[in-house]
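Before any comments, here is the structure.
The values are calculated or read from the model by the stated rules, or taken from the named source; none is laboratory data. These numbers come from a predicted model, not from an experiment. Using ideal geometry, Cβ is built from the backbone for each residue, glycine included, and neighbour counts are taken over all protein chains shown.
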Amino acid sequence: MTLIKSISGIRGTIGGAPTDNLTPVDIVKFASAYGSWILSKGENKTIVIGRDARISGSMVSELIIQTLIGLGLDVVDLGLSTTPTVEMAVPAENAAGGIIVTASHNPKQWNALKLLNEVGEFISAAEGQKILEIAEAGEFHFAPVDQLGKRSSKDYLDYHIEQILALDLVKPELIKKANYKIAVDPVNSVGGIAVPRLLNALGVDDVVIINGEPTGVFAHNPEPLAEHLGEISSTVKSEKCHLGIVIDPDVDRLAFVCDDGEMFGEEYTLVAVADFVLSHKPGATVSNLSSTRALRDITEKVGQSYFASAVGEVNVVEVMKANNAVIGGEGNGGVIVPELHYGRDALVGIALFLTHLAEKGVKISNLRSTYPTYQMSKNKAELTAGTDVDMILEKISEKYKKQPQNTIDGVKIEFDGDWVHLRKSNTEPIIRIYAESASITTAENLTKKILQDIGEIIE
């Protein structure tokens, strides 16, 4: 069992003993710390709460809500809600912050508290550290009975969809004219509510839904990777759909299935959306160091600038703001459209992708063939506890010092059109190794070579 306390939130497995798992004791402790931090900032006492459909969601959410009320804070409860919907609701409510109860793509035994600031974005590293310090000190001051907070319930999904449809680049009339038949796998979570409603608003009437009931009992591993998506692949083919849509439990990651049942590729969700945005609105693009080079390729092809960030949504957003990027995100299917909000949002990704596809007037499989084809290999070096990971990364960097490198997050080394990225885990003694090449064999050989290098260093 596991409890991971990081600067962006608290994540853990349900059940077991406190401090080692995400138990009611831990939930109340960290909700108290976040609420106390909010109170220390000023007089705004409104917090927005939303959750995905996982089994423990109601329990975790209720503990958080009642704890915040006990601190004297007012709670706007969105109930079942997507992560991007909560992010948009925070500024719409003029709230002081928000908490999303979701473990994103993790299996059903996991849950988490994702913490937002007053503009609906993930808190900074410094803010996260302060909250962890407050939790560790445990010096909470709860409100007297006459000053307890209040709770109200709202649904912001329609507002979210309305804001998406109001974007200049989203063309519902084009999508409706294309008369798409689309299969959707929301893996038994809030996407089963949100995605069909969005598709109907976009003019898509023929929607085939599998695993649509938001029970939290996930029909398969909820991470939207090819090895977990056999059912929707078969559904797209058997139902003769134009495409399939896959999201994770909190609807911030997006993947597509082509008309022939093949995967469009999670790494290429952002590439396709960026291609569309750049064709109408020139500007910079951003993704993290572990994302496909294809985004850089299509950006530079149209004479625009690409920037890389450290891994993590908050880091991508920081670089996007610094460079006034028109589109950004992560290779895990996370699309960030700053004109809407600075958060990964599968719903706006769907709207822009379908507009792109309708505007091109081609099959999704044909669209995929227009992009650079790279293959990615993912591996890891498992180390013994106490290993000096920073020393290993420094020695790897020194060994390949003649190659172009980026060291803002571990070390990324470029070899002509290929690259390998090494970064340490914050939660376990491992080094994650990602490599990309036009050839899967070359990519795999790159990760194997780095594993060999690491072995030689620690011998």
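Below are the figures for this structure:
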| read-out | value |
| --- | --- |
| Residues that are part of a loop (DSSP other than H, G, I, E, B) and either surrounded by fewer than 19 Cβ atoms within 10 Å (Cβ to Cβ) or not assigned by TED's automatic domain parsing to the domain that holds K29 (or both), drawn from region 119-131 | V119, S124 |
| Given (1) outside the structural domain of L352 (by TED's automatic domain parsing); (2) modelled with pLDDT of 95 or more; (3) assigned to a helix (DSSP H, G or I), index of the condition K114 fails | (3) |
| Qualifying residue in region 360-367 (condition: more than 25 Å from C241 (Cβ to Cβ) and more than 26 Å from the chain's Cα centre (by Cα)) | no |
| Enumerated strands (runs of 3 or more DSSP E) restricted to region 132-220, each holding at least 2 residues that are in contact with a Gly (Cβ under 9 Å, 6 or more places away or on another chain) and surrounded by fewer than 21 Cβ atoms within 10 Å (Cβ to Cβ) | 206-209 |
| Near pairs, Cβ below 9 angstrom, 6+ apart or cross-chain, from region 339-353 (more than 12 Å from V273 (Cα to Cα)) to any residue that is among the basic types (K, R) and part of a helix (DSSP H, G or I) | Y342/K321 |
| Restricting region 290-303 to residues that are surrounded by 18 or more Cβ atoms within 10 Å (Cβ to Cβ) and without any contact (Cβ under 8 Å) to a residue 40 or more places away in the chain, the residue that is nearest to P84 (Cα to Cα) | L295 |
| Matching residues in region 269-300 - criterion: being in a helix (DSSP H, G or I), under 23 Å from D416 (Cβ atoms) and more than 17 Å from the chain's Cα centre (by Cα) | A294, L295, R296, D297, I298, T299, E300 |
| Residue in region 243-263 that is crowded, with 24+ Cβ neighbours inside 10 Å, under 22 Å from E359 (Cβ atoms) and free of Cβ contacts under 8 Å to residues at least 60 places away in the same chain present | no |
| Condition check for H341: in contact with a Phe, Trp or Tyr (Cβ under 6 Å, 6 or more places away or on another chain) and either within 22 Å of H242 (Cα to Cα) or assigned to a loop (DSSP other than H, G, I, E, B) (or both) | no |
| Contacts under 7 angstrom Cβ, first residue in region 151-172 being over 30 Å from I65 (Cβ atoms), partner in a loop (DSSP other than H, G, I, E, B), 6 or more apart | L167/E339; L167/L340; P172/L202; P172/G203 |
| Residue match in region 423-438 (condition: among the polar types (S, T, N, Q) and modelled with pLDDT of 95 or more) | yes |
| Where N117 falls short, out of the listed (1) touching a residue at least 40 places away in the same chain (Cβ under 8 Å); (2) on the phi < 0 side of the Ramachandran plot; (3) touching a Gly at 6+ places or on another chain (Cβ under 7 Å); (4) not β-branched (V, I, T) | (1) |
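Yes/no matrix, rows are residues, columns are (1) of a type outside the set (S, T, Y); (2) under 21 Å from the mean Cα position of the chain (by Cα); (3) not assigned by TED's automatic domain parsing to the domain that holds V90:
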{"site": "V145", "(1), (2), (3)": "yes, no, no"}
{"site": "I164", "(1), (2), (3)": "yes, yes, yes"}
{"site": "D168", "(1), (2), (3)": "yes, no, yes"}
{"site": "K177", "(1), (2), (3)": "yes, no, yes"}
{"site": "V187", "(1), (2), (3)": "yes, yes, yes"}
{"site": "G191", "(1), (2), (3)": "yes, yes, yes"}
{"site": "A219", "(1), (2), (3)": "yes, yes, yes"}
{"site": "E227", "(1), (2), (3)": "yes, yes, yes"}
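This table checks each residue for (1) of a type outside the set (S, T, N, Q); (2) modelled with pLDDT of 95 or more.
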residue: T23; (1), (2): no, yes
residue: V28; (1), (2): yes, yes
residue: S32; (1), (2): no, yes
residue: L39; (1), (2): yes, yes
residue: G42; (1), (2): yes, no
residue: G50; (1), (2): yes, yes
residue: S58; (1), (2): no, yes
